[in-house]
Every structure is written in C-alpha cells, then in structure tokens.
Amino acid sequence: MHTRLLRLGGCVLAGLVAWGMAPQAGQVAPPAAAQNTARAVLLGRVVDADTGQPVGDAVVTVIVRPAGSPPAAPNARSGGPGTNQLRVLTTSEGRFVVRDVPAGAATLTVASPGYINASYGQTRPEGPAQTLTIDPGTRVREVTMRIWRSAALSGVITNDAGEPLPGVMVRAMRRGFTRGQPTFT
C-alpha cells in the first residue's frame, strides 16, 4: 500500500513537472485553493469632503475578511484572525491602486495629517461606514473616499472694556444626541 502511494505521488509530481507547475528548488507550492482564486484590483481616489480636491500622501488601508468568516468587532483595527490587511499611499492627485485583494468583505479606511480618519461610505465625520464586497477577479473602479479636515479654534476672551482676560478656561464641546435628547461631550 505504501509503495503504491509513493508511485502515485511520483506520477503526480512527474505530471506537474511536465506541465511546468511544480515548485522550483527553494519554493513552496501554494495551496490548490489559492492557485484557482483570482485576486481583485481596487482603483480609487481620496478627496477633501468639503472642496472635492484630491488629497495626496494619504494612507489607504484595506482590511478583507474572507467570505463566510464572522464579522470583526466594530472597533477592531486588524479585522481578526484570517483577515488580510493591505496599505497604499495616494498619489498627488489622490489616486490609489490596491492589487491582489482577496475575495471577501473589505473595509477601507484613510488617514492623512490634518484630516480626521475616515472610512469608505461615510457621508459625515465619524458617520457609519460601508463594507465593499470583493468577488474573485473583480476590478472595482472609482472607489471615492471622502476625508474631512480637522479644525482649530482660536480667539481672545475679553472683558466688557475689550481688554484680554488671562487665565480664563475655555472648553469646546461636541453636540450629539442620546435617546433623542441633545447632549454635549
């Protein structure tokens, strides 16, 4: 029985060599599933959400969970076990290309100095993101990601006579809603 398996394995290896598919010396053959799975290419751009101008040198991160895997925790940075993470920089025109994207549910995020980190599908800062379903061999074109500039406040606190008041503490608060009621944090 053992000899038969060795002969069968030798025949398979000889067939692979004849077809040019056997691994070369020092290489490891990829799993059969990986050999038949075509990878996707994502093409897109990052723009300033207010002006529509391209944002160059932004870091675009793509996290792909394989199809059928459980969803990652909402705030997970790595996506969990079995995920693939790819990063690219945008050009000066805000364009990016991500090659060899495996099939699955993709989460795209973007970060750039002077901007608030954003995700694909957001329509406002810190709004809900969308996942992008990647089918094998898909070529997704014009994935547009919007990113918002961070802001700064400046000014002078004065008294009734218009003189500056040193040492006055100032707080900036964000207005939000909790159970339909306005709140400030």
- Tell me which residues, restricted to the range 52-89, are modelled with pLDDT of 65 or more, of a type in the set (G, A, S) and more than 22 Å from A40 (Cβ to Cβ). G52, G56
- Task: Test each condition in (1) modelled with pLDDT of 90 or more; (2) not acidic (D, E); (3) not in a strand (DSSP E or B) for W148 and report the one that comes out false.
- Result: (3)
- Task: Say whether the condition of being under 28 Å from the mean Cα position of the chain (by Cα) and either at pLDDT below 90 or surrounded by 11 or more Cβ atoms within 10 Å (Cβ to Cβ) (or both) is met by at least one residue in the range 152-166.
- Result: yes
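Answer yes or no as to whether A106 is open to solvent by less than 50 Å² (accessible area, probe 1.4 Å), more than 26 Å from A38 (Cβ to Cβ) and of a type in the set (G, A, S). Before you say what the answer is, go through the steps one by one.
On the way: open to solvent by less than 50 Å² (accessible area, probe 1.4 Å): yes; more than 26 Å from A38 (Cβ to Cβ): no; of a type in the set (G, A, S): yes.
In short, no.
The values are calculated or read from the model by the stated rules, or taken from the named source; none is laboratory data. This one's a predicted model, so the numbers in the text were calculated from it and none came from an experiment. Using ideal geometry, Cβ is built from the backbone for each residue, glycine included, and neighbour counts are taken over all protein chains shown. The protein model used for the area step is the full one, side chains on, heavy atoms only, and it has no ligands, DNA or RNA in it. Shrake-Rupley method; radii C 1.70, N 1.55, O 1.52, S 1.80 Å.
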